[in-house]
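Asker: Below is a structure I'd like to ask you about.
The values are calculated or read from the model by the stated rules, or taken from the named source; none is laboratory data. The model shown is predicted, which means the values in this text are computed figures rather than measured ones. Cβ atoms come from the backbone with ideal geometry, glycine included; neighbour counts cover every protein chain shown. Accessible surface areas use protein heavy atoms only, side chains included; no ligands, DNA or RNA. Shrake-Rupley method; radii C 1.70, N 1.55, O 1.52, S 1.80 Å.
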Amino acid sequence: SARFVTDAVDLLDFANAPHNTSPWGRMRAQMGHAAPFGLKRLEVGNEESDMSADGYPAHYKLISDALRAHDPTLTLVASGDWGRPLRGSPCLTGQRCDVWDAHHYDSPDGMVTYARSYDGYNRSLPPVYVGEYAACHGAPSLRAAVAEAALLISLERNADVVVASSFAPLLNNVHGTQWSYNLLNFDSSRLYALPSYYVQLLFAESLGAFTLPAELDPKTDASAKVFVTASIGRQTGPHASWPSGVKVHTPADAEDAMSVDPQSSASVLTIKVANYKPARCSLQVRLDGFQFAEEPQ
């Protein structure tokens, strides 16, 4: 572990140390990037299974203690849920875990089962970074993309504990394929994206500043396979648009009622719905406790 501790600290210096005082910063500058990268978050380990006292927990402590001593502002991510037992994890035995990493790979049907799992997440446990996920057990399809959208809705609905997420695998040269399910696939002159990419695009361009209570009426159980979340916040991205002159007041029971101006950072109410049923689903939206200065567009 001592060698890995040294490697981890050297990696941090390569990313962040000044080029004029650090040999690793100087090497970075010689490679063409004089300015520090500003690395703020680093994971110790990945998909770890040895949770014995002398296994991952011991290595995590040695490495994380050294990294925090070198940079106390660093956020460290621990290996978390990836389908193996977590008993003995440093995050469950008293060690400091800023965030832990969860991986969800399954069939589309299996992915949908995760879509309500974070609703019941134990809030006394560390926050979660869903560092890898894909409905990749099977051929790429629109059905798989909708299953992933259901998971993303769950992550957004539970944004108090899920701090980030990332699809994987991401990039694939079609002449050197390792995994059969990749978000972006390319050769020297062409590129194509899975339907999953367009789900990513829709969510990226509909980020909210605040999540709002949203539920199906009548309330349905997990077998309904319809998932919903709502947020308020300005849309982003090249395809985003803003309604003009709309002011929204949050429901009266909200912790901090606010009047939202179109030019503020929270001006668009976004409702996301994923229908995993094999048939079309009719949808009617009812807004309770909102007041609009003008009719919503």
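Asker: Can you find a residue in the range 71-78 that is under 30 Å from Tyr121 (Cβ atoms), at pLDDT 95 or above, within 28 Å of the chain's Cα centre (by Cα) and open to solvent by 70 Å² or more (accessible area, probe 1.4 Å)? Working first, answer last.
Answerer: If we filter the range 71-78 for residues that are under 30 Å from Tyr121 (Cβ atoms), which is where we start, we get 71-78.
From what is left, the residues that are at pLDDT 95 or above are 71-78.
Now drop any that are not within 28 Å of the chain's Cα centre (by Cα), which leaves 71-78.
The next check asks that each one be open to solvent by 70 Å² or more (accessible area, probe 1.4 Å); those that pass are 72-73.
Looking through the range 71-78, at least one residue is under 30 Å from Tyr121 (Cβ atoms), at pLDDT 95 or above, within 28 Å of the chain's Cα centre (by Cα) and open to solvent by 70 Å² or more (accessible area, probe 1.4 Å).
Asker: A follow-up question, please. Just to be sure I understand, how many residues within the range 79-103 are of a type in the set (S, T, N, Q) and open to solvent by 40 Å² or more (accessible area, probe 1.4 Å)? Spell out the reasoning first.
Answerer: Initially, the range 79-103 is screened for residues of a type in the set (S, T, N, Q), giving 79, 89, 93, 95.
Next cut, open to solvent by 40 Å² or more (accessible area, probe 1.4 Å) only: 93, 95.
Result for the range 79-103: 2.
Asker: Starting from residues that are touching a Phe, Trp or Tyr at 6+ places or on another chain (Cβ under 9 Å) and not in a strand (DSSP E or B), keep the ones in the range 187-198 and report whichever is surrounded by the fewest Cβ atoms within 10 Å (Cβ to Cβ).
Answerer: Taking the range 187-198 and keeping what is touching a Phe, Trp or Tyr at 6+ places or on another chain (Cβ under 9 Å), we get 192, 194, 196-197.
When the remaining residues are screened for being not in a strand (DSSP E or B), the result is 194, 196-197.
Working: Leu194: 23, Ser196: 26, Tyr197: 16.
My answer is Tyr197.
Asker: Could you please find all residues in the range 83-121 being of a type in the set (D, E, K, R) and either in contact with a helix residue (DSSP H, G or I) (Cβ under 9 Å, 6 or more places away or on another chain) or modelled with pLDDT of 95 or more (or both)? If you could, list the steps in order and put the result at the bottom.
Answerer: Keep residues of the range 83-121 that are of a type in the set (D, E, K, R), which gives 84, 87, 96, 98, 101, 106, 109, 116, 119.
The answer is Arg96, Asp98, Asp101, Asp106, Asp109, Arg116, Asp119.
Asker: Same structure again: For the range 111-147, which positions are closer than 28 Å to Tyr192 by Cα, aromatic (Phe, Trp, Tyr) and open to solvent by 20 Å² or more (accessible area, probe 1.4 Å)? Talk me through it step by step, then tell me what you get.
Answerer: Taking the range 111-147 as the starting set, the residues that turn out to be closer than 28 Å to Tyr192 by Cα are 111-112, 114-115, 129-147.
Now restrict to residues that are aromatic (Phe, Trp, Tyr): 114, 129, 133.
Within the range 111-147, Tyr114, Tyr129 qualify.
Asker: Here are some residues: Ala78, Ala53, Ala58, Ala34. Which one is part of a helix (DSSP H, G or I) and either among the aliphatic types (A, V, I, L, M) or under 29 Å from His104 (Cα atoms) (or both)? Give the derivation first.
Answerer: Details: Ala78 fails: part of a helix (DSSP H, G or I); Ala53 fails: part of a helix (DSSP H, G or I); Ala34 fails: part of a helix (DSSP H, G or I).
Only one candidate passes the filter, namely Ala58.
Asker: Further question: Taking the residues in the range 199-241 that are modelled with pLDDT under 85 and acidic (Asp, Glu) as candidates, determine which candidate is surrounded by the most Cβ atoms within 10 Å (Cβ to Cβ).
Answerer: Ranking the qualifying residues of the range 199-241, first place goes to Glu215.
Asker: All but one of (1) in contact (Cβ under 8 Å) with a residue 60 or more places away in the chain; (2) within 27 Å of Arg3 (Cα to Cα) hold for Thr113; which doesn't?
Answerer: Evaluating Thr113 over (1) in contact (Cβ under 8 Å) with a residue 60 or more places away in the chain; (2) within 27 Å of Arg3 (Cα to Cα) leaves (2) as the failure.
Asker: Under the condition of being open to solvent by less than 60 Å² (accessible area, probe 1.4 Å) and of a type in the set (Asp, Glu), which residue from the range 1-42 is nearest to Pro72 (Cα to Cα)?
Answerer: Out of the qualifying residues, it is Asp13.
Conditions (1) touching a Ser or Thr at 6+ places or on another chain (Cβ under 9 Å); (2) in contact (Cβ under 8 Å) with a residue 24 or more places away in the chain, marked per residue:
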site: Val161; (1), (2): no, yes
site: Ala168; (1), (2): no, yes
site: Tyr181; (1), (2): yes, yes
site: Leu184; (1), (2): no, no
site: Asp187; (1), (2): no, no
site: Tyr192; (1), (2): no, no
site: Tyr197; (1), (2): no, no
site: Leu201; (1), (2): no, yes
site: Val226; (1), (2): yes, yes
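Asker: Please enumerate the residues belonging to the range 128-181 that are in contact with a helix residue (DSSP H, G or I) (Cβ under 8 Å, 6 or more places away or on another chain), of a type in the set (A, V, I, L, M, F, W, C), under 14 Å from His103 (Cα atoms) and not in a loop (DSSP other than H, G, I, E, B).
Answerer: If the condition is that a residue be in contact with a helix residue (DSSP H, G or I) (Cβ under 8 Å, 6 or more places away or on another chain), of a type in the set (A, V, I, L, M, F, W, C), under 14 Å from His103 (Cα atoms) and not in a loop (DSSP other than H, G, I, E, B), then Val128, Val130, Ala134, Leu151, Leu152, Leu155, Val162 are the ones that fit.
Asker: Does Ala150 fit the bill of being modelled with pLDDT of 90 or more and of a type in the set (A, V, I, L, M)?
Answerer: yes
Asker: Spot the failing condition for Arg280; the list is (1) modelled with pLDDT under 55; (2) open to solvent by 30 Å² or more (accessible area, probe 1.4 Å), and only one is missed.
Answerer: (1)
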